[in-house]
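What follows is one structure encoded as structure tokens, with my remarks underneath.
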Amino acid sequence: MVPDKLNKVFLITILLVFLWSCGKQNKVFESNCNNGITFKKVGFTELVNHLDKYDKQYVEVTGKYVEGFEQSALFNDSLFADHSLKKALWVDFSQECPLYLTGTRTGLFEYNNGTFTQINKRYITVKGKINTHNTGYLKRYRGSIDRVSFIKL
């Protein structure tokens, strides 16, 4: 009797792991404009608090992306952080660095399967070059991430 229960528990566990792994997969959009560059992985708070230290450096950072009228910004994803524009980074997408879904020619900003890729209010990982002199629309942001060559949703 005990082996039957163990077999059932084992099968249910395997099924749950399988279903969990089939869930929503990350989408990665990349550009080859920064090929050969090593990116420094840095926490959002560290980056914003010491932005001058990272000026002109290529970084990888995670945060909450928000877009809207005259807005393209990355905010701290912590619930307890300052979410003001002065603690946010302008995300400056460029035509010099077209982003394509890995393994395809589907662009991040292209109409595909009846819709656009939704990145607004999503947690993303972004790779790009820090620019303390580009403070975004109306100079309201702490700085910017230029030459964006990687987005993971």
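The values are calculated or read from the model by the stated rules, or taken from the named source; none is laboratory data. All values reported here derive from a predicted model rather than from experimental measurement. Glycine also receives a Cβ, built like all others from the backbone with ideal geometry; neighbour counts cover every protein chain displayed. The accessibility values were calculated without ligands, DNA or RNA, using every heavy atom of the protein model including side chains. Shrake-Rupley method; radii C 1.70, N 1.55, O 1.52, S 1.80 Å.
Does residue 76 satisfy the condition of being exposed (fewer than 15 other Cβ atoms within 10 Å of the Cβ) and among the polar types (S, T, N, Q)? Talk me through it step by step, then tell me what you get.
Values: exposed (fewer than 15 other Cβ atoms within 10 Å of the Cβ): no; among the polar types (S, T, N, Q): yes.
Judged against the criteria, residue 76 is not a match.
For the stretch 56-69, indicate whether the set of residues that are of a type in the set (Gly, Ala, Ser) and out of contact with any Lys or Arg (no Cβ under 7 Å at 6 or more places or on another chain) is non-empty. Steps first, please.
First, pick out the residues of the stretch 56-69 that are of a type in the set (Gly, Ala, Ser): 63, 68.
Cutting the leftovers down to out of contact with any Lys or Arg (no Cβ under 7 Å at 6 or more places or on another chain) gives us 63, 68.
Checked the stretch 56-69: at least one residue is of a type in the set (Gly, Ala, Ser) and out of contact with any Lys or Arg (no Cβ under 7 Å at 6 or more places or on another chain).
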All but one of (1) surrounded by 16 or more Cβ atoms within 10 Å (Cβ to Cβ); (2) closer than 12 Å to residue 29 by Cβ; (3) among the acidic types (Asp, Glu) hold for residue 92, so report the exception by its number. (2)
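Any chance the stretch 140-148 includes a residue that's open to solvent by 30 Å² or more (accessible area, probe 1.4 Å), of a type in the set (Phe, Trp, Tyr) and not in a helix (DSSP H, G or I)? Give the steps one after another, and end with the answer.
Of the residues in the stretch 140-148, the ones open to solvent by 30 Å² or more (accessible area, probe 1.4 Å) are 140, 142, 147.
Narrowing further to those that are of a type in the set (Phe, Trp, Tyr): none.
No, there is no match, as no residue in the stretch 140-148 is open to solvent by 30 Å² or more (accessible area, probe 1.4 Å), of a type in the set (Phe, Trp, Tyr) and not in a helix (DSSP H, G or I).
Of everything in the stretch 48-76, what is without any contact (Cβ under 8 Å) to a residue 12 or more places away in the chain and assigned to a loop (DSSP other than H, G, I, E, B)? Give them in sequence order. Walk me through it before giving the result.
So the first thing to find is which residues in the stretch 48-76 are without any contact (Cβ under 8 Å) to a residue 12 or more places away in the chain, and the list is 49-50, 53, 69.
Result: 50, 69.
What residue, among those in the stretch 45-62 that are of a type in the set (S, T, N, Q) and open to solvent by 70 Å² or more (accessible area, probe 1.4 Å), is farthest from residue 132 (Cα to Cα)?
If we filter the stretch 45-62 for residues that are of a type in the set (S, T, N, Q), which is where we start, we get 45, 49, 57, 62.
Still in the list and also open to solvent by 70 Å² or more (accessible area, probe 1.4 Å): 45, 49.
Working: 45: 15, 49: 12 Å.
Applying the filter and picking the extreme gives 45.
Go over the candidates 148, 126 one by one and state the one that is within 18 Å of residue 98 (Cβ to Cβ), hydrophobic (A, V, I, L, M, F, W, C) and touching a Cys at 6+ places or on another chain (Cβ under 7 Å). Give the derivation first.
Numbers: 126 fails: touching a Cys at 6+ places or on another chain (Cβ under 7 Å).
Going through 148, 126 in turn, just one is within 18 Å of residue 98 (Cβ to Cβ), hydrophobic (A, V, I, L, M, F, W, C) and touching a Cys at 6+ places or on another chain (Cβ under 7 Å): 148.
Run down 27, 129 and say which single residue is out of contact with any Gly (no Cβ under 8 Å at 6 or more places or on another chain) and open to solvent by 90 Å² or more (accessible area, probe 1.4 Å). If you could, list the steps in order and put the result at the bottom.
Values: 129 fails: open to solvent by 90 Å² or more (accessible area, probe 1.4 Å).
Just one listed residue meets the conditions, 27.
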Please work out if residue 153 is under 13 Å from the mean Cα position of the chain (by Cα) and touching a residue at least 24 places away in the same chain (Cβ under 8 Å). yes
Of all the residues that make up the stretch 35-66, how many are more than 12 Å from the chain's Cα centre (by Cα), within 11 Å of residue 89 (Cβ to Cβ) and of a type in the set (Ser, Thr, Tyr)? 1
If you scan the stretch 107-119, which residues turn out to be surrounded by fewer than 16 Cβ atoms within 10 Å (Cβ to Cβ) and part of a loop (DSSP other than H, G, I, E, B)? 109, 110, 111, 113, 114, 116, 118
Odd one out for residue 65, checked against (1) open to solvent by less than 30 Å² (accessible area, probe 1.4 Å); (2) over 21 Å from residue 153 (Cα atoms): (2)
